[in-house]
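To start, the structure itself, in structure tokens.
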Amino acid sequence: MKFAKMHGLGNNYIYVNLWEEMMAEETLAPLAIAVSNVNTGIGSDGLITMGPSTVADARMRIFNEDGSEGQNCGNGLRCVGKYLYEKGIVAGERLTIETKAGLMRLELHVSADAATVEEVTVDMGEPGLNRSQLPMLGGDPNGTAIETVVDVVDQQFVVTGVSMGNPHAVLFVDDAAQADVLGVGPAIERHELFPERVNVEFVSVNNSRDMDFRVWERGSGVTMACGTGACAAVVAGVLTGRLERGETVVVHLQGGDLRIAWQPDGHVYMTGPAAWICEGEWLSEQARVGE
């Protein structure tokens, strides 16, 4: 199996081109676990497949390092856009990607010679603000989950729930760099309020256009960046009065910066880089299961 390894601000995945590779459905989750292993595999936050779509330029699927399938991945979308353009699979600078969260629209910002993609802006669509969209138990299913108290590790935390096609619980803290991500993150991820588990963001707002961010990702743990999480954090900031709707906010993730704006049209727009790490061939017997 040929693969590419790419990252968006350090959030790295193994990418497989299904126009060239054939993979049985039952092999995808075990393969994600295998390739993600840093000791016996390649090492990554998971596996992303790219292939034909009947409704978009390409279909993207995301498998976390524990084998669970995700609905959406902002950093992955930017890498997919870069891959498709630079490999000649798409020719234009505007394209659509089919995900489990729906159709995502990408605008590629290419170099002067049109050879490489330097940044990608993704229209992440409208956030889901109701408990039923996360999903999150307790309270009115059609009501919001703004500043809801969650009891974990003998403490109470105030979270704001936002769906960006996948579920997020945003905590505003005094200093994101000092947040107990390893202790609180997994406890909230698997809290009984979230039947499908949840991504957990720890955010400190510096001013109305600038915030610091750390994340515990559902199924992957601590990662360097989470694009959908950064979008959710900005939405939560607006909902709680910390940020202004329509302003572009620079979100400082451990792997670098994203620019996020929740615009008056209701859509959230994310702009940031994508980068190659390497290409290679996976030789494990697991890659040939089902052939």
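Listed here are the residues, each with its yes/no results for (1) more than 19 Å from the chain's Cα centre (by Cα); (2) among the hydrophobic types (A, V, I, L, M, F, W, C).
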{"residue": "Gln178", "(1), (2)": "yes, no"}
{"residue": "Val184", "(1), (2)": "yes, yes"}
{"residue": "Ala187", "(1), (2)": "yes, yes"}
{"residue": "Leu193", "(1), (2)": "yes, yes"}
{"residue": "Glu196", "(1), (2)": "no, no"}
{"residue": "Ser204", "(1), (2)": "yes, no"}
{"residue": "Asp210", "(1), (2)": "yes, no"}
{"residue": "Gly219", "(1), (2)": "no, no"}
{"residue": "Thr223", "(1), (2)": "no, no"}
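Pick from the range 114-139 the residues that are at pLDDT 95 or above and in contact with a helix residue (DSSP H, G or I) (Cβ under 7 Å, 6 or more places away or on another chain): which of them is surrounded by the fewest Cβ atoms within 10 Å (Cβ to Cβ)?
Here the residue is Thr116.
Would you confirm whether any residue within the range 71-92 is farther than 16 Å from Ala274 by Cβ, crowded, with 24+ Cβ neighbours inside 10 Å and either among the aliphatic types (A, V, I, L, M) or not assigned by TED's automatic domain parsing to the domain that holds Gly229 (or both)?
For the range 71-92, residues farther than 16 Å from Ala274 by Cβ, crowded, with 24+ Cβ neighbours inside 10 Å and either among the aliphatic types (A, V, I, L, M) or not assigned by TED's automatic domain parsing to the domain that holds Gly229 (or both): absent.
I'd like to check which strands (runs of 3 or more DSSP E) are fully inside the range 64-126 and have at least 2 residues that are without any contact (Cβ under 8 Å) to a residue 60 or more places away in the chain, in contact with an Asp or Glu (Cβ under 8 Å, 6 or more places away or on another chain) and under 20 Å from Trp262 (Cβ atoms).
Here the list reads 102-110.
Having 3 or more residues that are buried (at least 18 other Cβ atoms within 10 Å of the Cβ) and not polar (S, T, N, Q) is the bar; report the strands (runs of 3 or more DSSP E) wholly within the range 177-291 that clear it.
199-207, 210-217, 249-253, 256-262, 268-272
The values are calculated or read from the model by the stated rules, or taken from the named source; none is laboratory data. Note that the structure is predicted; figures quoted are calculated from it, not measured. Every residue, glycine as well, gets a Cβ built from its backbone with ideal geometry; the counts of neighbours run over all protein chains shown.
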